[in-house]
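Note sheet for the following structure.
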Amino acid sequence: MGERTKLTGGFEKTVTWIWLEGDQLKVEFYDFSELAQRMFGNDIAYTITVNEMDKVFLKVEQNGKSFIPWMAEKFQSYFGIKSWLDENKIAYSVEIESWA
């Protein structure tokens, strides 16, 4: 696993982590709020995996070394990154995990 970078924004009692893992971008949204507890009965995490990194690097004019710092400066949370991926038609998968 690559070095994880914590983004600065998001809702209270949530955190977004981003990192490169091989040639994939990983974006993890971890929610430990009361709402998550009520809705899911526990904490929940969503992890986006982006495989089209060549397309991403071309779009943002960054490379593997400069990309994560660029992302951390441009985006504050999971939702901003997800919207940007959707707007730019960059494919990704989402994995949902909950802990009992």
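The values are calculated or read from the model by the stated rules, or taken from the named source; none is laboratory data. Because the structure is a prediction, the values reported are computed rather than measured. Methodologically, a virtual Cβ is constructed for each residue, glycine included, from the backbone with ideal geometry; neighbour enumeration extends over all protein chains shown.
Might you check whether a residue that is modelled with pLDDT of 90 or more and not in a strand (DSSP E or B) occurs anywhere in the range 5-21? Yes; the residues of the range 5-21 include at least one that is modelled with pLDDT of 90 or more and not in a strand (DSSP E or B).
Here is the figure for the range 31-54: residues that are at pLDDT below 85, surrounded by 14 or more Cβ atoms within 10 Å (Cβ to Cβ) and either in a loop (DSSP other than H, G, I, E, B) or of a type in the set (Ser, Thr, Tyr) (or both) total 3.
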